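A short worksheet on the structure shown next.
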Amino acid sequence: YDTAEDVLRDADTAMYKAKGAGKARYAIFDNTLHAAVSERLRLEGELRQAISRGQLAVVYQPVFELGPLPGLGNGRLSGFEALVRWQHPTDGTLVPADFLAVAEESGLMLQLSDFVLHCACHQLRQWQLSDPLLAELTMSINLSAHDLAHPALVARVSRAIVEAGLKPGHLTLELTENILMSHIEGAVAKLDALRRLGVHLAVDDFGTGYSSLSHLSKLPIDSLKIDRSFIAHLQPGSDDATVVGAIIQLGGSLRKVVVAEGIETASQMTQLRDLGCAYGQGFHMASPLSGAAAGEWLREQRGVLH
Ligand code: C2E
Ligand code: MG
Ligand code: MG
């Protein structure tokens, strides 16, 4: 080291790593940590400019009504879930797992959420206006813990809806079970305010967190999205099938709409339909598509939209 500042900076990094690992730990600043930190700093710097340079994009995964009747193919299209992507100039297309943590830690999350919110609301409105059969199409958008904690969340959502000319009831905001339950104190008032706006609310990745059932019945939530880890190994009579069946019944008793995600096979779709799951999404029916590709896909679906 040439300067004391550099020593302190690296010691600081090691300290954060030790703290992140739990209580009474130590960490050594070595080449691996140095490389990880450099990579993170690089991504953070690039992410800061990605929005203004138009590198962020939203892809849309169709969500289907599974319906009680067999033989309906994939079911009726009900809407889309918006998922963020980063078209990185050298690293290719990055998925949320590659950069959401960086966005959270560097204070870029709200900007990212606003971008997705505006993009997805405008896209939905365009599709709704393009064809009377699409007038009731819905859009689901994922929010982060930072969004839930943000004092102006309701105003931000309201602005996106008004600017796009959308009916609030066509928008669903998703929060993961973990985010909701770990911010439960402040969350209820915020969720009530969003509900008053008329938007719908969903618990994402349901079943992987630690929901207290008493909270679940009191939260102003419209739907539960069963985490895809339960869907992946779905076999008739398996433990996962029992858990999924129980979640669907719980949802029904609490008057929540139940959505299954990560449906990859026809057998999973049929089982979910038999278990009474109302909605589903997954690679078996359709993968996430760019705005243009989803528009094209919608035109191809015209014949079956009714
Ligand atoms: P999620 O909200 O549970 O979204 C579903 C994820 O499962 C998406 O991954 C989707 O591409 C993937 N997926 C869909 N169908 C299948 C399938 O059949 N099999 C498998 N294995 N995967 C499937 P993605 O796009 O990588 O997003 C991951 C997570 O990142 C999302 O999970 C969500 O929690 C978060 N996320 C995505 N976009 C945003 C965003 O705009 N804002 C925020 N705050 N979080 C986002
Ligand atoms: Mg989601
Ligand atoms: Mg999920």
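Before moving on, here are some points about what is shown:
Matching residues to (1) touching a helix residue (DSSP H, G or I) at 6+ places or on another chain (Cβ under 7 Å); (2) open to solvent by 40 Å² or more (accessible area, probe 1.4 Å):
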residue: Ala14; (1), (2): yes, no
residue: Lys23; (1), (2): no, yes
residue: Tyr26; (1), (2): yes, yes
residue: Ala36; (1), (2): no, yes
residue: Arg40; (1), (2): yes, yes
residue: Glu46; (1), (2): no, yes
residue: Gln49; (1), (2): no, yes
residue: Ala57; (1), (2): no, no
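- Of all residues making up segment 289-300, the number that are within 13 Å of ligand 1 (Cβ to nearest atom) and out of contact with any Pro (no Cβ under 9 Å at 6 or more places or on another chain): 1
- Tally of residues being more than 14 Å from ligand 1 (Cβ to nearest atom), out of contact with any Leu (no Cβ under 9 Å at 6 or more places or on another chain) and closer than 22 Å to Leu201 by Cα across segment 250-275: 3
- Count - residues of segment 172-200 that are of a type in the set (S, T, N, Q) and buried (at least 20 other Cβ atoms within 10 Å of the Cβ): 2
- Top-ranked residue in segment 136-161 [being small (Gly, Ala, Ser) and within 21 Å of Val95 (Cβ to Cβ); ranked as surrounded by the most Cβ atoms within 10 Å (Cβ to Cβ)]: Ser140
- Condition check for Gly276: farther than 27 Å from Cys119 by Cβ, open to solvent by 20 Å² or more (accessible area, probe 1.4 Å) and either away from ligand 2 (no atom under 16 Å from the Cβ) or at pLDDT below 95 (or both): yes
- Within segment 113-133, being open to solvent by less than 40 Å² (accessible area, probe 1.4 Å), over 16 Å from Val154 (Cα atoms) and either modelled with pLDDT of 95 or more or touching a Lys or Arg at 6+ places or on another chain (Cβ under 6 Å) (or both) holds for Ala120, Gln123, Leu124, Trp127, Gln128.
- For segment 226-242, a residue qualifies if it is closer than 14 Å to Phe206 by Cα and either among the charged types (D, E, K, R) or out of contact with any Gly (no Cβ under 7 Å at 6 or more places or on another chain) (or both), and the qualifying residues are Asp227, Arg228, Ser229, Asp240.
- Residue count for segment 260-270, restricted to those that are open to solvent by less than 20 Å² (accessible area, probe 1.4 Å) and outside any loop (DSSP other than H, G, I, E, B): 3.
- Search result, residues across segment 1-23 that are closer than 16 Å to Leu41 by Cβ and over 35 Å from the mean Cα position of the chain (by Cα): Glu5, Asp6
- So Ala164, is it surrounded by 14 or more Cβ atoms within 10 Å (Cβ to Cβ), more than 19 Å from Val116 (Cα to Cα), of a type in the set (A, V, I, L, M, F, W, C) and more than 14 Å from ligand 2 (Cβ to nearest atom): no
- Listed by first and then second residue, the pairs with beta-carbon distance under 7 Å, at least 6 apart or on different chains, first residue in segment 242-270 and of a type in the set (Asp, Glu), second open to solvent by 20 Å² or more (accessible area, probe 1.4 Å) and not in a helix (DSSP H, G or I), are Glu264/Phe283; Glu264/His284.
- Any chance Glu296 is charged (D, E, K, R), out of contact with any strand residue (DSSP E or B) (no Cβ under 6 Å at 6 or more places or on another chain) and either open to solvent by less than 60 Å² (accessible area, probe 1.4 Å) or in a helix (DSSP H, G or I) (or both): yes
- Hits in segment 279-293 - residues which are open to solvent by 20 Å² or more (accessible area, probe 1.4 Å) and either touching an Asp or Glu at 6+ places or on another chain (Cβ under 7 Å) or free of Cβ contacts under 8 Å to residues at least 60 places away in the same chain (or both): Tyr279, Phe283, His284, Ala292, Ala293
The values are calculated or read from the model by the stated rules, or taken from the named source; none is laboratory data. This one's a predicted model, so the numbers in the text were calculated from it and none came from an experiment. Cβ coordinates were reconstructed from backbone atoms using ideal geometry, including for glycine residues, and neighbour counts include every protein chain displayed. The protein model used for the area step is the full one, side chains on, heavy atoms only, and it has no ligands, DNA or RNA in it. Shrake-Rupley method; radii C 1.70, N 1.55, O 1.52, S 1.80 Å.
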